[in-house]
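A short write-up of the structure that comes next.
Bear in mind these aren't lab numbers, they're just calculated from the coordinates by the rules spelled out. Only a predicted model underlies this, so the values are computations on that prediction, with no experimental measurement involved. Using ideal geometry, Cβ is built from the backbone for each residue, glycine included, and neighbour counts are taken over all protein chains shown.
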Amino acid sequence: MSRVTRFAARDPGPAARMGGFIAHLRDNGLRLGVGEAELALTALTHVAPCAPTEVRHALRTVCCGSAEDTARFDDLFDAFWMNGGRVAPKTTPVTAPASDHVHSSRKAQGQEAEGTAGAPTTPDAGDDPADADGDGRLLATLNDARMKKDLRDLVQHEDIAEAQQVAERLGAALRDSRSRRRRQARKGDQIHFRKLIRQSLSTGGEPIRLPRKHRPDRPLKIVTLCDVSGSMTTYAQVFLAFIAGMMRADETTDAYLFHTRLVRIADALRDRDAMRTLARLSLLADGFGGGSRIGASLMQFARGYARRFVDGRTVVLILSDGYDTESADQIGGALAALKKRGCKIIWLNPLKGWDGYEPVAQGMAAAMPHLDLFSPANTLADLAALDRELVRL
Amino acid sequence: MDWTTLQTAMAEQGYVAGDDLAMAVHLSLTLGRPLLLEGAAGVGKTDIARVLAAVQDTQLIRLQCYEGLDAQQAIYEWNYQRQLLSIRAAAEDGETGRSVEERIFSEEFLLERPLLKAIRQPEPPVLLIDEIDRADEEFEAYLLEVLSEFQITVPELGTLVATSRPIVILTANGTRDLSDALRRRCLYAHVSYPDRQTELAILKSRCAGIEAKLAGQIVGFVQSLRKEDLEKQPGIAEMLDFASALMGLGIADLTRDPVVLQATLATLLKTQTDRDNITTEVAQRLAGKAA
């Protein structure tokens, strides 16, 4: 067991230390504010503040907000309060094994590098991953140069107009009928009692007319993730036109491309000039037609953009053939994480249209349990035919 | 009451809580913050509220959340049938508009649903909001408002302010992510499956007459069963069912009769795939390890 951290003599007191601890947690990705710091201090007045286990339990309750936080909390707590990386080497007591300190401080630094990408960390902590990353990127650029394609060659202006109509129909098919509040309506499934009582007052308690109410339909937001890796090139034309049409049909939709990384294309697609849109897209879709890292891209989406843009009234539409160049496990994990946001997930696979196709590609097999709908689609007509399926979701 | 006293008091009511959980409940009581409990189904999240109500000697008010939970089910509703009758009666008596209206929109005609009921008790009750992740985001947002203001506005009556602040316990299974806003308002505790010692203590406190050997076997068996690849892991309630099934059948040793063991697995495994996965051989292996 490591010892309790010895703070410097000029340390201003418990409040500042708690502030420091909260900042330490925040640096490691826990979402905490001033309110929590105050609450943590108050909490300590209700327990024995000198007993490390009690303080640990109390602070865990106050500072954690999810199961992941809870799992990491013990290490973070040790790193700050239990002599982990805070004490200058010269104050280290000789009796304590030196290796222990080295170990725990490394660990803390590693976590920091993981938690706050882009924040300055000690140079040697981030050395190895940075090197590896550099290599990967260099390779990708070589590929990009060879595989660069202009999307304008692929997509025609008429296609977009047609796709827009299809997209409008699909958007109309996706309605959420789970609203909590009922609204007054001429034909509703329930009697609007509140109104009935009010109206019957004027007729001496005789309910002459029966006002009704129903659950109003709420539109669903559609988020499209389109795979533009090499194996998908032949279908990209249809899908890109479809996405472009969809973006123009509905203001709230959102779209992303992925191959070896994920790119948000929503803003580019909102350009009023359809062809200029495609030109901008070509620039964004650098690496188009290369390899695909579906799992990594989906995970990036689930961890990043999805937090802001995906909620219970969202349909995530994935257009991909499920051929991943990396391990398939990540796809399942990413979709499970995405599913927890409460959204519906639809996977449209162009290969499914082939005779005798079975989702045996590992990526596809991993994805299957998380999908609400798995459908073939490789032409615009296929997409148009989807609306009946979507109504049933 | 400090947290160890609370832990003992909860144990007396038949709930064996780990240190971290007892601390979380203690802080929730002293700081007056809602407590969010997250964890797999069947680890005893809901039970904490029941036990806490017993320890505090107060009422337990429960709001079960589900998809499409609406204000009329959660907060209040007017008693429309009584209102209608009352209007009719008033018309017979010759009572007119204004006074009838005032009378039928008085508290006498208000049906309290859990949230309103909880804030209008003379003594602070325990309010259990069960499976909050089943309700939709809008309800979550509304709940936040109630939990921070502790007042509810009824248009006809005005704002009803809390007479006492309830002790709020929320539970979630993790079927969807809860909003950060809700998490920040609450204290948090993750309830996981108990370790061997705790589970043994739970079993002994619930099934008083159980033999030590069988109890050890049961807990060992269930604990190793949880490590298997199952769709639905058996919770504490399932473990207790399993124990009482075995006791009811008069079994003293798990490894004795494979057929009976396989039959009693019905109390632990609740899906077809899980039943298929745990074959007689697997069950015997696990039972042998536990013995």
I need a count of the residues in segment A:312-364 that are assigned to a loop (DSSP other than H, G, I, E, B) and in contact with a Pro (Cβ under 9 Å, 6 or more places away or on another chain). 6
Within segment B:173-201, restricting attention to residues that are within 25 Å of B:Arg285 (Cβ to Cβ) and part of a helix (DSSP H, G or I), which residue is farthest from the other protein chains (Cβ to nearest Cβ)? B:Leu200
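Look at segment A:191-244 and say how many of its residues are within 30 Å of A:Ala266 (Cα to Cα), part of a strand (DSSP E or B) and among the β-branched types (Val, Ile, Thr).
Result for segment A:191-244: 3.
Residue-wise test of (1) more than 8 Å from chain A (Cβ to nearest Cβ); (2) assigned to a helix (DSSP H, G or I); (3) surrounded by fewer than 20 Cβ atoms within 10 Å (Cβ to Cβ).
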{"site": "B:Gly14", "(1), (2), (3)": "yes, no, yes"}
{"site": "B:Ala54", "(1), (2), (3)": "yes, yes, yes"}
{"site": "B:Leu63", "(1), (2), (3)": "yes, no, no"}
{"site": "B:Tyr66", "(1), (2), (3)": "yes, no, yes"}
{"site": "B:Arg82", "(1), (2), (3)": "yes, yes, yes"}
{"site": "B:Arg88", "(1), (2), (3)": "no, yes, yes"}
{"site": "B:Arg103", "(1), (2), (3)": "yes, yes, yes"}
Please find, within segment B:105-136, the residue that is farthest from A:Leu201 (Cα to Cα) out of those that are assigned to a helix (DSSP H, G or I) and of a type outside the set (A, V, I, L, M). B:Asp133
Those residues of segment A:36-50 that are of a type outside the set (A, V, I, L, M), in a helix (DSSP H, G or I) and either facing another protein chain (nearest Cβ under 7 Å) or crowded, with 20+ Cβ neighbours inside 10 Å (or both) come to a total of 2
Regarding segment A:193-214, can at least one residue be identified that is within 30 Å of A:Leu373 (Cβ to Cβ) and touching a strand residue (DSSP E or B) at 6+ places or on another chain (Cβ under 8 Å)? yes
Given (1) outside any loop (DSSP other than H, G, I, E, B); (2) free of Cβ contacts under 8 Å to residues at least 24 places away in the same chain, index of the condition B:Ser205 fails: (2)
